[in-house]
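Trainee: Sending over a structure as structure tokens; questions will come in a sec.
The values are calculated or read from the model by the stated rules, or taken from the named source; none is laboratory data. Bear in mind that the values here come from a model prediction, so they are computed numbers and not experimental data. As a convention, Cβ positions derive from the backbone with ideal geometry for all residues, glycine included, and neighbour counts pool all protein chains shown. These accessible areas exclude ligands, DNA and RNA; they are computed on the full protein's heavy atoms, side chains included. Shrake-Rupley method; radii C 1.70, N 1.55, O 1.52, S 1.80 Å.
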Amino acid sequence: QVQLVESGGGLVQPGGSLRLSCAASGRIFRVNAMGWYRQAPGKQRELVARITNGGATNYADPVKGRFTISRDNVKNTGYLQMNSLKPEDTAVYYCYVNLVRDLTGSEYDYWGQGTQVTVSS
């Protein structure tokens, strides 16, 4: 009913940049919060950044000042601009969306398939 498609991961050298995208499609009445999480090998999944439908944002401390989350409410698409990447940013990045599918107002959480980001020289 709802699909999330992520794109933009890859291999980049330290100090480089990448931009992740997450497009939501299907039965969507309203997208509430969108966010990005990441999971490195042997570690728990952690929040990277989050943005509300009003544009309020919050970031994990390790990425503050380097990453920027944004969204296009017309396209139901979220973005994560990652600058000054470090080897410790290496992880699988997952898109997260909380949305309403219809006039019942019930909220649902969806996750993207994950995209690998590798920062290495």
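Trainee: Tell me which of Met34, Gly54, Leu11 sits at the most positive position along the dipole axis of the chain, charges placed on C-beta atoms (Lys, Arg +1; Asp, Glu -1).
Mentor: Of the listed residues, the answer is Gly54.
Trainee: For region 13-89, what is the charge dipole size about the Cα centre, in debye to the nearest 20, if Lys and Arg each add +1 at the Cβ and Asp and Glu each add -1 at the Cβ?
Mentor: The calculation lands at about 200 debye.
Trainee: Per residue, how much accessible area does the chain have with a 1.4 Å probe, in Å²? Please report the intermediate quantities before stating the final value.
Mentor: Working: 6310 Å² over 121 residues.
In whole numbers, the chain has 52 Å² accessible per residue.
Trainee: Using a basic spin-label model with each label point 7 Å from the Cα along Cα→Cβ, how many nm lie between Leu11 and Arg30?
Mentor: Here the answer is 4.5 nm between the modelled labels.
Trainee: For the chain, which whole-number percentage of the solvent-accessible area (1.4 Å probe, protein heavy atoms only) is attributable to carbon and sulfur atoms?
Mentor: 47 percent
Trainee: Looking only at the chain, where both bridge partners belong to it, what percent of the DSSP beta bridges are antiparallel (to the nearest 5)? Write out the running numbers ahead of the final one.
Mentor: On the way: 42 of 45 bridges.
In the chain, approximately 95 percent of DSSP beta bridges are antiparallel ones.
Trainee: Could you work out, for region 72-121, what percent of all Cα-Cα pairs fall into each 5 Å distance bin, beginning at 0 Å and stopping at the bin that holds the largest distance?
Mentor: Histogram of Cα-Cα distances, whole percents per bin: 5, 15, 19, 21, 15, 11, 7, 5, 2, 0, 0.
Trainee: Largest first and in whole Å, what are the equivalent-ellipsoid semi-axes of the chain based on the Cα gyration tensor, each being the root of 5 times an eigenvalue? Before the final figure, lay out each step's value.
Mentor: Working: eigenvalues 135, 37, 30 Å².
For the chain, the semi-axes come out at 26, 14, 12 Å.
Trainee: Report the calculated FRET efficiency for Asn58 and Gln116 (r = Cβ-Cβ distance, R0 = 22 Å), to the nearest 0.05.
Mentor: 0.35
Trainee: Label Leu47 and Thr68 with points 7 Å out from Cα along Cα→Cβ: what is the distance between them in nm?
Mentor: 2.2 nm
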